[in-house]
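The values are calculated or read from the model by the stated rules, or taken from the named source; none is laboratory data. From a predicted model like this one, the values you see are computed outputs, not experimental measurements. Every residue, glycine among them, receives a Cβ derived from its backbone with ideal geometry; neighbour counts consider all protein chains shown. The area values use the complete protein model at the heavy-atom level, side chains included, leaving out ligands, DNA and RNA. Shrake-Rupley method; radii C 1.70, N 1.55, O 1.52, S 1.80 Å.
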Amino acid sequence: MFGKLLEYRVNGQKVEITFENKTACIEAITSKIINVFAAFQSDRHDSRAIEGDKRIPCSIQVEREEEALVIKTEDVIVRVYDEFKVDFYDINDKPISLEYRGKRTPLYHVPESIKKFLQQEGHTFDINEAENFKIQSVRTLDKKDTIYGLGDKTGVLNKRYYEYEMWNTDNPDPHEDSFKALYKSIPFFITLKEDGVYGIFFDNHNKTYFNMGKESEDYYVFGSEDGNLDYYFFAGEHMTDIIEEYTYLTGRMPLPQLWTLGYHQSRWGYETEEEVRRIATTMRENRIPCDSIHLDIDYMDHYKVFTWNKETYENPEQLISDLKEMGYKVVTIIDPGVKVEEGYSVYEEGIKKDYFVRDKDGEVYVNQVWPGDSVFPDFGKKEVREWWAEQQKFLINKGVRGVWNDMNEPASFKGPLPDDVQFTDEDHMSTHKEMHNLYGHNMAKATFEGLKKYDQRRPFVITRACYSGSQKYALGWTGDNQSLWGHLRLSVVQLCNSGLSGFPFMGTDIGGFGSDTTKELITRWVQVGCLSPFFRNHCAKGRADQEPWVFGQETMDIYRKFVNLRYQLLPYLYDTFRITEQTGIPMFRPLVLQYEKDEKVKNMNDQFMVGEHLLVAPVLEQGVTARLVYLPEGGWYDYETKEYHEGNRYIMKEAPLDCCPMFVKAGTILPTFPVRDFISEDKDEMLILKTFGENGRYVHYQDNGEDFAYKDGEYNEYEFILEEGVLTTNMLHRNYKQYQKIEVVL
Ligand code: GLC
């Protein structure tokens, strides 16, 4: 398609290359981040993931080799050949990622002769046999390569051998490993090699395809029919470097308010104010720590966004303020679909100002969601985002402390939105087809801006759909899972890969959203949930209740034990969030992120790390009360029994129903809080340091957990040093009220 490489021109850090049939360019964003670009749809980047100019000055050297154009930075060598084939080498000229130049050899075939025959029984053929996309890159796979990332996809941790699509999708069927797409589109992955690592971000928000070696062992393919060839190559020594670079480019999750790391209780179907009050009281009576109650669509008047159902929720202000007295923050759901109804101010204003998307003939486009006939805000337009941001005042003024954005793929009940519905993309007209994957992103951004402006605390925005870069605005959850053991297992993989994909603040509906949970399942689920970034029990209307107390005393006691564990670990978890804000490295991570040379963890789907110091091996199977745990190199202490284990081995661990195997890395100084009912004003009273081993160092961060004062330096940073069992403290930064007491438990 590109033809022969003819000539090139160096323009700063960019090299513009002319081929026989097309032009293209290679640009060093930094010495480790290389952009590969060829215009197909427009001659600019059109990125909505990357905001601002991310270029860091670096020098590049460009020279001609016999067949290739060679571009060198301090960290990467790029060779560009005819047909715009692009290879990446490290600085010692060792190949890192090469284009595949052989013949495509799909492993699977369905002979035409039997296709029809099979179709008679209803079989479908959704294989992209040797699919050639207009825009694509086919790159070699080495025998030992493993692949991670791609967002919240189902399946296993290592994405090699599987194929996926990026097209934000609300599919209410039980999430299966074979699903190619779910709610989020994060076209970024990390390839771990036997002796190296790299990342690729295909910044194309149209529908994109990733065949990660399913077609053939020898190569993988990513491509699209639309948009541009526009991808970033990240070089580094470790997986963590790649995440740091990707999140440098697309932005990092900002530090959230501390209470948001507490326990959240939700369900679709708290139909009345009384019910909410009952939940709040029962929680306190049973001493289950809880910081937040979420109100699903039930609180609205006929599911009209930014309204309140005064019949069932007579006095929302009073309710919210009473709950506040009890230590709860209220989070409310908001969907994008605006009910079509004369006299409804949000609808009328949006119509008057032309804020809703229109069909190809220019009529305001109507589909159905919860309120019935609904219209869809055109969030790609700045004025619409500003208007939506302003709507948040309605909630904030009532005392709402967080907004949960749902159905923003966008989901619709009367078939999907047609491709040609007219959407805006900032300064130009676009279509649903092009803007689909950005809809949730833009909605979350608008909500974030609204909360930031009118609430002035760190915005707490949850989103179901997103694109790369949404981590700057929102956290997420894995959507409508079900009360299935398979979905508990899946949650570990989804949270690991989301974290590796720069979208670290994630949770799952604990207990399962659809179908009915069981005592045992919810017990095992809260054990994973309490160690997940976002910790919320949520369930669908019409399904069995699943608040902590409904399964009787024993289940509730175990449930409480793990919510207590969460509250004890809060200072540690908050530290991991601070690290994420600074580096992008997630709290919830697969072992491979930390032990990338260890073959045993490259495909580990059932263990995870919480920060650098805690290793968790949850029970994910019904009826199981013991499991094999792999401990990587180093020494490990059993969190409960304090028993010491040498690493680099498997151990058998008894795990009765009230135990979730957790191990602490030797040399850890773990900051903890006393158990409390909610994160109250006295959060700064006491810190308890638990030490595991004789020697170690730990940096602990403390701030007011609420606003942006920390950005002006209002925070403390403690350095704890453990030497031969003796602990000393240094203040690395002191500009906030210190703990009244620090207790050490050796
Ligand atoms: C969607 C959401 C779910 C919510 C329901 C009703 O299915 O994913 O969490 O409870 O809508 O609002």
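Here are some notes:
- Counting the residues of the range 262-284 that are within 15 Å of the ligand (Cβ to nearest atom), touching a residue at least 60 places away in the same chain (Cβ under 8 Å) and either surrounded by 17 or more Cβ atoms within 10 Å (Cβ to Cβ) or not in a loop (DSSP other than H, G, I, E, B) (or both) gives 5.
- Here Arg287 meets the list (1) within 16 Å of the ligand (Cβ to nearest atom); (2) touching a residue at least 60 places away in the same chain (Cβ under 8 Å) almost entirely, failing just condition (1).
Residues are listed down the side, and each one gets a yes or a no for (1) exposed (fewer than 12 other Cβ atoms within 10 Å of the Cβ); (2) touching a residue at least 60 places away in the same chain (Cβ under 8 Å); (3) assigned to a loop (DSSP other than H, G, I, E, B):
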position: Ile77; (1), (2), (3): no, no, no
position: Gly102; (1), (2), (3): yes, yes, yes
position: Val110; (1), (2), (3): no, no, yes
position: Ile114; (1), (2), (3): yes, no, no
position: Phe117; (1), (2), (3): yes, no, no
position: Gly155; (1), (2), (3): no, yes, yes
position: Asn158; (1), (2), (3): no, yes, yes
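- Verdict on Asp361 being of a type outside the set (A, V, I, L, M), open to solvent by 40 Å² or more (accessible area, probe 1.4 Å) and either in contact (Cβ under 8 Å) with a residue 60 or more places away in the chain or more than 16 Å from the ligand (Cβ to nearest atom) (or both): yes
- Among (1) of a type outside the set (S, T, N, Q); (2) open to solvent by 60 Å² or more (accessible area, probe 1.4 Å); (3) in contact (Cβ under 8 Å) with a residue 12 or more places away in the chain, the one test that Phe356 misses: (2)
- Residue satisfying all of: in the range 455-497; of a type in the set (Gly, Ala, Ser) and within 16 Å of the ligand (Cβ to nearest atom); farthest from Glu245 (Cα to Cα) among these: Ser483
- Just one of the listed residues (Lys445, Lys453) is within 19 Å of Ala389 (Cα to Cα), basic (Lys, Arg) and surrounded by fewer than 23 Cβ atoms within 10 Å (Cβ to Cβ), and it is Lys453.
- Qualifying residues in the range 508-528 (those that are surrounded by fewer than 24 Cβ atoms within 10 Å (Cβ to Cβ) and within 16 Å of the ligand (Cβ to nearest atom)) - the one nearest to the chain's Cα centre (by Cα): Gly514
- Look at (1) part of a helix (DSSP H, G or I); (2) within 16 Å of the ligand (Cβ to nearest atom); (3) in contact (Cβ under 8 Å) with a residue 40 or more places away in the chain and you find that Tyr303 fails only one, number (1).
- The range 474-489 residues that are touching a residue at least 60 places away in the same chain (Cβ under 8 Å) and acidic (Asp, Glu), paired with ones that are open to solvent by less than 30 Å² (accessible area, probe 1.4 Å) and within 10 Å of the ligand (Cβ to nearest atom) (beta carbon under 8 Å, 6 or more apart): Asp480/Asp509; Asp480/Phe513; Asp480/Gly514; Asp480/Ala540
- Of residues in the range 1-24 being buried (at least 18 other Cβ atoms within 10 Å of the Cβ) and among the hydrophobic types (A, V, I, L, M, F, W, C), the one nearest to Glu244 (Cα to Cα): Val15
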